[in-house]
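Just below is one structure, and these are the notes that go with it.
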Amino acid sequence: MKLIINGEINPSYVQTLCLIFFPGAKFAENEVVTEETPVVEVTVREEKDGFFASADMKYGDAVGSCQYTFPRSSAYTSEKSAKIAVGAAIYGAGEKLFDYMPPWGILTGIRPAKIAGKLYSEHGSKAAVRKVLVEDYLVSPKKARLVTDIAVSEQNTFSKYKGNTCSLYISIPFCPTRCAYCSFVSYSTKRLLSMIPEYLVRLTDDIDRVTDIIKEKGQEIVSVYIGGGTPTTLDAEQLEMLLSKLSSRIDMSSVAEFTLEAGRPDTITPEKMQIAKKHGVTRISVNPQTLCDDVLRGIGRAHTSEDFYRAMDMARESGIPCINTDLIAGLPGDSFTGFSKTVDKIIELRPENITVHTFCVKNAADILHSGVNVFSRNNTEAVKCVDYSQVMAMNSGYIPYYLYRQKNTVGNLENVGFSLSGFNGLYNSLIMCDEHNIYAVGAGAVTKLVGKDGPKRFFTPKYPYEYLDENLNSDKRLELFEQLREFECQK
């Protein structure tokens, strides 16, 4: 699309706002404009009464325009006021052009609860936070209520795990097959799966290194999360090797939550569940995504709904106290009727956690090359699915505790974690906190440490073959651990 900006405003911010109305759009500098090219022109300037912004949005023969002035306010910096003005102008132009009101208004970041939490700290009232979100950020009252409740819940969690506490993330970037929508750094071919034994040797060495650093810093590990990929792609012997290493290196008495993201029902066996239980795993994910077998086949999942029920039985029989199930609203081929039945059946099973994602496709996903139109500005089916899941979960005793958003999500919607009382996913909450240290090892892992100037991120090699390549990364890996050792964490 063609984007024209007049005035001082961050171009990336404007692009993100445009993606609300033109999901999947590209912003080439030398865009050749045709009759089908969307064109957005934005103007912003400071005036006597505040910040003025206008937006003109053209798509084909249709045009939408809006002008907006955001008054001066001691609550906002000039930069923030200009952003709100530009956001409101683009929102208004898009609403006129498409007759569409984005439910999250002009909030564009991955963590809307962070904004709501800051507002709650300033105002001390949920009602005041909701008012600001609705009036200044144009968030729908329904979403404002949801994110405010989650923000308050998160703050209660964050307050318990400041100071010398930390979490540990272990990356297992392998899957039995690759889902059509997947964007994670995960590998499923036979050749790449053959890397697992070598990968585990390198990974366990790095677990030794990072736990030594944590001990040197006097920090206490309060949550462990093994994610992927699909960690239970490992066979029983490999899983035993990994979990034995962790239980030998970590004081499990301080660990409030130990998650193993099993994910794929077709990778779960009674033996693996018993191994997990033996080594202190307290939370496991068994993810159907949907209970419609036709949809599962369409997205490349190599399991059926019956496989999911069997895997749930195995997880329950193991005695692991907390089970999470992931669902995805808006999958290609799914419908409100099918998804609502999935939600009803999952709630009947009473897993301690239910995480409802909204379908989102990244650039690396195979489905982009399938001819399926995956981008949708206002997918009414997905909106109904998400609304239904939230109403049914909360009416059934589940509490929303965790929320994040992504670009190019169907219907501009969100991902929400629900839990029964006392079973909030701790790591999921802490990863949203800028005051908690998270160490991470393995391919594609990102460590986040909190210093006096805020959080700083440290990246390991992205792909397993890079992670294992001594010629490319031996010195870099050792240098990374030295950087972690030298970084002064905030007390």
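Bear in mind these aren't lab numbers, they're just calculated from the coordinates by the rules spelled out. Treat the numbers as computed from the prediction; the structure is a model and nothing was measured. Glycine gets a Cβ as well: all are built from the backbone with ideal geometry, and neighbour counts include every protein chain shown.
Points worth noting:
- Counting 0.36 nm for each residue step from H123 to E41 and taking away their Cα separation leaves a gain of 26.0 nm.
- Listed residues I170, L243, Y199: farthest to the positive end of the dipole of the stretch 120-260 (Cβ charges): I170
- Paramagnetic reach from V63 (point 7 Å along Cα→Cβ, amide N under 20 Å) across the stretch 15-55: 22, 33-44, 53-55
- Look at where the Cα atoms of the stretch 281-299 and of the stretch 21-48 average out, and the two centres are 39 Å apart.
- Phi to ³J(HN,Hα) by Karplus 6.51 cos²θ - 1.76 cosθ + 1.60 over the stretch 424-432, Hz, x for Gly, Pro: 3, x, 5, 4, 4, 6, 5, 5, 8
- Among 249-259, 381-391, the peptide with the highest mean count of other Cβ atoms within 10 Å heads the list, and the full ranking is 381-391, 249-259.
- About its Cα centre, the dipole of the stretch 161-440 is roughly 360 debye, where the only charges are +1 on Lys and Arg Cβ and -1 on Asp and Glu Cβ.
- Placed amide H near C175: partners under 5 Å, 5+ positions off or other chain: Y187, S188, T230
- Radius 12 Å from Cβ of G425, net charge of other residues (Lys, Arg +1; Asp, Glu -1): -4
- A simple spin-label model places pseudo-atoms 7 Å from Cα toward Cβ; at S140 and S335 they are separated by 2.2 nm.
- Within the same chain, lysines fewer than 8 places from K114 are excluded, and of the rest, those with a Cα less than 20 Å from its Cα are K80, K83, K126, K131, K142, K143, K160, K162, K407, K448, K452, K456.
- Ranked by the mean number of other Cβ atoms within 10 Å per residue, highest first, peptides 71-80, 283-292 order as 283-292, 71-80.
- Assigned charges on the beta-carbon of Lys, Arg, Asp, Glu; the stretch 415-478 dipole about Cα centre (debye): 120
- From helices alone, the chain scores -12500 deg cm²/dmol at 222 nm; the rule is -39500 (n - 2.57) for each run of n ≥ 4 DSSP H residues, then divide by the residue total.
- Phi angles of the stretch 400-410 translate, via the Karplus equation with coefficients 6.51, -1.76, 1.60 and θ = phi - 60°, into HN-Hα couplings of x, 10, 7, 8, 8, 10, 9, 5, 6, 7, 3 Hz per residue; Gly and Pro are given as x.
- Given R0 = 25 Å, the distance between the Cβ atoms of L349 and E271 translates into a calculated FRET efficiency of 0.65.
- Net charge contributed by nearby residues that have their C-beta within less than 13 Å of D313 (K/R +1, D/E -1): -1
- Local electrostatic count, Y439, Cβ distance below 13 Å [Lys/Arg +1, Asp/Glu -1]: +3
- Computed lengthening from R316 to L193, 0.36 nm per intervening residue step minus Cα-Cα distance: 41.4 nm
- Student exercise, the chain dipole from Lys, Arg, Asp, Glu Cβ charges, in Debye to nearest 20: 800
- For a modelled paramagnetic label at K96, 7 Å from Cα along Cα-to-Cβ, the residues of the stretch 13-34 in reach, with backbone nitrogen under 18 Å, are 18, 21-22.
- Options T43, S74, F21, ranked by Cα towards positive dipole end of the stretch 1-100, top entry (Cβ charges): S74
- Farthest positive-ward along the chain dipole, Cα basis, beta-carbon charges - from T269, V33, I9: I9
- Rough spin-label spacing in nm, given labels placed 7 Å along Cα→Cβ, for K462 and K407: 1.4
- Amide H contacts under 5 Å for Y402: G417, restricted to partners 5 or more places along the chain or on a different chain, H placed in the peptide plane at 1.01 Å from N.
- Distance (nanometres) between label positions extended 7 Å along Cα→Cβ at D387 and R297: 3.2
- Karplus (6.51, -1.76, 1.60) ³J(HN,Hα), θ = phi - 60°, over the stretch 277-282, in Hz, Gly and Pro reported as x: 4, 4, 9, x, 5, 10
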